[in-house]
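Read the structure below first, then the notes.
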Amino acid sequence: MREDYLEIRGLRVSFDGFVAVDGVDLTVLQGDLRFLIGPNGAGKTTLVDAVTGLAPATGSATFDGIQLLGKKEHQIARAGVGRTFQTASVFDQLTVLQNLDIAAGARRRRRSLLRARGAVPGSVQLAMETTGLTGLQDRPAGELAHGQKQWLEIGMLLVQNATVLFLDEPVAGMSAEERRQTGELLRRVRRDHVVVVVEHDMEFLRAYADSVTVLAAGTVLAEGTYAQVQADPRVQEIYLGPGSQGPGSQGPRHQAVR
Amino acid sequence: MTRRWAGSASVLSGYLVAAVILFGAAPVLLSDFRLRLLAQFLCVAMVAVGIGLAWGSGGMLTLGQGLFFGLGAYIMAIHLQLSDAGPAGRPAFMVTGSGLPWWWELFRNPVTAVLGIIAVPALLALLLGLGVFRRRVKGAYFAILSQASAAAFALLLISQQNTVGGSNGLSNFRQFFGFALSDPVNRRMLYFIAAGVLIAMVAAVHQLRRSRYGELLTAVRDGEERVRFLGYDPALVKVLAYVVAAVFAAVGGALFVPIVGIISPSNVGVVPSIGFLIGVAVGGRATLLGPVLGSLAVSYAGSTLSENVESLWIYLQGLLFVLVVAFLPGGIGSLGAALRGRRRAVGDVPGRSAGHGPPGRPLVDGGGPERAPAGARSGGV
Amino acid sequence: MDAVLGQLYAGLSLGSVLLLIALGLTLTFGQMGVINMAHGEFLMAGAYTAFVVQQVIGGAGSAMLIALPLAFLVGGLLGVLLETTLISRLYHRPLDTLLVTWGVSLMLQQLARDVFGAPAVEVRAPEWLRGNIEVLGVPFTTGRLFIVVLAVGAVAVLSAVLRFTSLGRRIRAVVQSRGLAETSGINSRRTDRVTFFVGSGLAGIAGVALTLIASTQPYMGQTYIVDAFLVVVAGGIGQVRGAVLAAFGLGVLQALFAYSQSVSTAKVLLLVCVIAFLQLRPQGLFSVRTRSLV
């Protein structure tokens, strides 16, 4: 089986003179569940924006030999790079099935768009099973619970046939049980996808991250396993100030990381 | 599966009822004068069907449909004038001595005239649509531009006294593709054509709405930015609906000409363009039948009232806009549902969808310091 | 050359009127996301105010001076009335405000027709606005000059208010981030109402000015509203600076086009220019992102 990977080199994003991302190198392999952390303003979401076409950037970001920078959002999506947003952005007026079917359809032939959907497509069926939304297929997405909306977004990424998945704070606002289910879902998904998760939730990170990249002030501060990163004094410093025990430490400051 | 069957049965019976009323009951019950009036309303309703698709399903507030209505109408009028004048003849209103404009000659042939009625507005809508949608000009910007285009078109027509009759427009048509317009039988035929075309348009929109394209169009309406990240170009999705709406308006205009007997700039400017919207809003913009029924009802109310007190109708028209759009954005059809508080019907109202957001607000996601740049490209209206 | 200069002067005064109309539109659009189609009728109300004042007072000279503040008041009050009764319910539904205010505009036009009659009424220009001043050797009518001065004055005052007063700071804060402004204790509802008052009042003043160069009739607002919106679109929504540039740009372009072509061709060319311009800058001259409003 072919190994896919995302390769970012010297990525730089600036707005009106303010440099949000300053020369980031990042390589993520398939099967590696990568978490991207860092304090507010570190440039995490901007990095995702740049790679998915939302923010103009210089440098290079390639996937499958294709240069992503400079392409339009929909072209990048078609090249196999998908993303979710911090606030679940599903189509509230459409049903779960319709949401997934649209996500699955970008490569459909134009003419087939003019017909109504016949049977439920296999990939959509599979995605509903993977995300546990099968029973809700005719429910308008606007009526779903918060966690279910996030799962629907992930499901949309799956049927979209994206190989690189960027998830922006997927478990924010979820209950403990929903977090656990999301984590399991991500583990299932990472086997044949390149998965990058932007997340602040350290418990979640510790439980599910294969590797972690720490961003600070637009640059990569540290990279490695959770334990390696946690032990890095520079990471401890930017997160909790001098003398603390690193991002995983228990206590009231823990949530302040958000 | 059973639900689908039940659905298609009720759809079929719906079309049957419409056909019986339009083809059976109306011609029998109405006087020739009233039937002609109804035919005129049907033409206006064609514009409304297109607006229902573009605005109701697609969220594009087309404030300038008079442009396309006028294009269709004037091309038809030019053709009728030329066929009245006979081969190599010229219409009476033109100043003698000046030559026939070259673009008149294009529409002398009945086939090119019919083709032109469809192709000219379609091409213009394609160009305009791609121009604005590609650059992500949407919402209020789009509405204002389309309104300005109708205004400019009307002014252009007024200035062309010698080629399209200026503010008087074109009138006094004697025949319609060889059929004398003075013959009541032919007038009746025109009515039947209008009724048939309208039903076909509703059926076309029906198919578009239930197709995957229709779902995609709604998705673009409610989350244009999100659709991009699924690998679609929203500009192409929107432009199709816009072109369909333009062609429907043009066909409505083309049939309006022989039925009413005159077309002038006052039928195509800013005021009539917004006028097309009232019926759509009243009937329910996001529904299949709302635009048609609303448009017919408003046309009927308008002609009945202005026969008596014209100023009263203008006040009422204004009031309708205010009341329906402000307090009943789902249209009259949602009134019962709104009273009963049923969630589903209210859910059909696109009033609070993303496309209607205020300018400058990021459409994709919430703020946060490192998010500010996202608004740079997605935030504009 | 003289003819071109003459057209330029005509364009400047047209641009001034457009600017006076567009200032209010761009502020209310920028701050509240409201597209007020009845704005043109506030213009009409201002013009009829000048007419009524003249009827009551008789003398044209002082009537103009009295009419200006009065028209500001009339336009402003109409604006506040509209804002509190209807528009405040429709924030964040810009397309719906467009349709609702169109309905209001229809009713106001009909009202004007019922009260003053459909034909144009005569507002006489005062003695001191009937002469000519030679600028660069080409006569510039004092009426047109007066309009330009009025517009420039209005922009200057508005800019000063926005920049230096606490009201201006409140308005700018609400334009940039309504939520943040509210949490910092700004009463955004009151700020909205003040903005509406000022914006509509400026339309009233524009109406008085317009009596000098156009006829006063029930449809006069509609004639200018579309152009004024083009100014807002081209200038960038909520941008005073953009509105100034766009208004004079469009005014002069239209006058120059009208000189070489006909007035109607000028309109068409103008529209093409705006659409072409939006291809380059979809957000208008100055985007909402720009930190400063002025």
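Which helices, counted as full DSSP H runs in chain C, have an axial Cα extent of no less than 20 Å and a Kyte-Doolittle average of 1.6 or above?
Length and hydropathy pass: C:60-85, C:142-164, C:263-280.
Place a +1 charge on the Cβ of each Lys and Arg in segment C:69-202 and a -1 charge on the Cβ of each Asp and Glu, then give the dipole magnitude about the Cα centre in debye, rounded to the nearest 20.
500 debye
Please say if segment B:159-258 is rounded, prolate or oblate, where rounded means a/c under 1.5 for a ≥ b ≥ c the square roots of the C-alpha gyration tensor eigenvalues, and otherwise the choice is prolate for a/b larger than b/c and oblate otherwise?
It comes out oblate by the Cα gyration axes.
For the protein assembly as shown, build the charge dipole from Cβ charges (+1 Lys, Arg; -1 Asp, Glu) around the Cα centre, then report which of B:M189, C:V104, A:V198 sits farthest towards its positive end.
B:M189
Ignoring ligands, DNA and RNA, how do A:I37, B:I21 rank by accessible area with a 1.4 Å probe, largest first?
If we order A:I37, B:I21 from most to least accessible, we get B:I21, A:I37.
About the Cα centre of the protein assembly as shown, what is the dipole size in debye to 20, counting +1 per Lys and Arg Cβ and -1 per Asp and Glu Cβ, all else neutral?
My answer is approximately 880 debye.
If packing is taken as the mean number of other Cβ atoms within 10 Å per residue, what is the order of C:39-50, B:140-151, highest first?
Most protected by this proxy first, the peptides run C:39-50, B:140-151.
Using unit Cβ charges (K, R positive; D, E negative) and no other charged atoms, how large, in debye to the nearest 20, is the dipole of segment C:2-280 about its Cα centre?
740 debye
Give the aspartates and glutamates reachable from B:K138 as a straight Cα distance under 16 Å; neighbours fewer than 8 places away on the same chain don't count.
B:D222, B:E224, B:E225, B:D233, C:D96
In terms of the Cα gyration tensor, with a ≥ b ≥ c the square roots of its eigenvalues, is segment C:81-212 rounded because a/c is under 1.5, prolate because a/b exceeds b/c, or oblate?
Oblate, because a/c is 1.5 or more while a/b does not exceed b/c.
Could you please state how large a percent of the accessible area of segment C:2-280 is carbon and sulfur, counting protein chains only and using a 1.4 Å probe?
Carbon with sulfur: 67 percent of the solvent-accessible area.
Looking at the P(r) of segment C:129-193, how many percent of alpha-carbon pairs lie beyond 20 Å?
50 percent
If you take the charge dipole of segment A:169-225 about its Cα centre, with +1 on Lys and Arg Cβ and -1 on Asp and Glu Cβ, which of A:S175, A:L215, A:V189 is farthest toward its positive end?
A:V189
How far is helix B:234-260 tilted off the main Cα axis of chain B, in degrees rounded to 10, range 0 to 90?
Rounded to the nearest ten degrees, it is 30.
Shape of segment C:15-161 from its Cα gyration tensor (a ≥ b ≥ c, root eigenvalues): rounded if a/c is under 1.5, otherwise prolate when a/b > b/c, or oblate?
Oblate shape, in that a/c is at least 1.5 and b/c is the bigger or equal ratio.
Given 20 °C and 1.002 mPa s, how large is the Stokes-Einstein diffusion coefficient of segment C:2-280 in µm²/s, with Rh as the Kirkwood radius over Cα pairs?
Estimated diffusion coefficient is 113 µm²/s.
Semi-axes, largest first, in whole Å: what does sqrt of 5 times each Cα gyration tensor eigenvalue give for the protein assembly as shown?
Calculated on Cα positions only, the semi-axes equal 51, 37, 24 Å.
On a straight-distance basis, which lysines could pair with A:K149 in a cross-link, Cα separation under 24 angstrom, same-chain partners fewer than 8 positions away excluded?
Candidates past the 8-residue exclusion: A:K44.
Per residue of A:69-79, count partner chain C-beta atoms within 10 Å of its C-beta, then hand back the mean as an integer.
Per residue, the average neighbour count from other chains is 4.
Using a cut-off of 18 Å between alpha-carbon atoms, which lysines can reach A:K71, once sequence neighbours fewer than 8 places away in the same chain are excluded?
Candidates past the 8-residue exclusion: nothing left.
Rounded to the nearest 10 degrees, what's the angle between the helix B:212-228 long axis and the longest principal axis of chain B, both from Cα atoms, 0 to 90?
Helix B:212-228 sits roughly 60 degrees off the main axis of chain B.
Counting only helical runs of four or more DSSP H residues, what would the 222 nm mean residue ellipticity of chain A come to if each run contributes -39,500 (n - 2.57) and the total is spread over all its residues?
Value at 222 nm, helices only: -9500 deg cm²/dmol.
Within 10 Å of each Cβ in peptide B:138-151, how many partner chain Cβ atoms are there on average? Round it to a whole number, please.
So the per-residue partner count for this stretch is 6.
Go through A:117-124, A:87-94 and give me the packing order, highest mean Cβ count within 10 Å leading.
My ranking of the peptides, most packed first, is A:87-94, A:117-124.
Of the residues B:P101, B:P258, B:P272, which exhibits the maximal mean-square fluctuation in a Gaussian network model of chain B defined by a 10 Å Cα contact cut-off?
It is B:P101.
Packing-wise, with mean Cβ within 10 Å as the measure, how do B:162-174, A:51-63, C:89-101 rank, highest first?
With the highest mean Cβ count within 10 Å placed first, the list reads C:89-101, A:51-63, B:162-174.
Note the angle between two axes, namely the Cα long axis of helix B:184-210 and the longest principal axis of the Cα atoms of chain B, as a number of degrees from 0 to 90, rounded to the nearest 10.
Between the helix axis and the principal axis of chain B, the angle is about 20 degrees.
Relative contact order (percent) for segment C:2-280, with alpha-carbon contacts under 8 angstrom and 6 or more residues of separation?
After rounding, I find 40 percent.
The values are calculated or read from the model by the stated rules, or taken from the named source; none is laboratory data. A quick note: this is a predicted structure, and the numbers were derived from the prediction, not measured. Positions of Cβ are generated from backbone atoms using ideal geometry, with glycine treated the same way; all protein chains shown enter the neighbour counts. Ligands, DNA and RNA are excluded from the accessible area calculation, which covers all protein heavy atoms including side chains. Shrake-Rupley method; radii C 1.70, N 1.55, O 1.52, S 1.80 Å.
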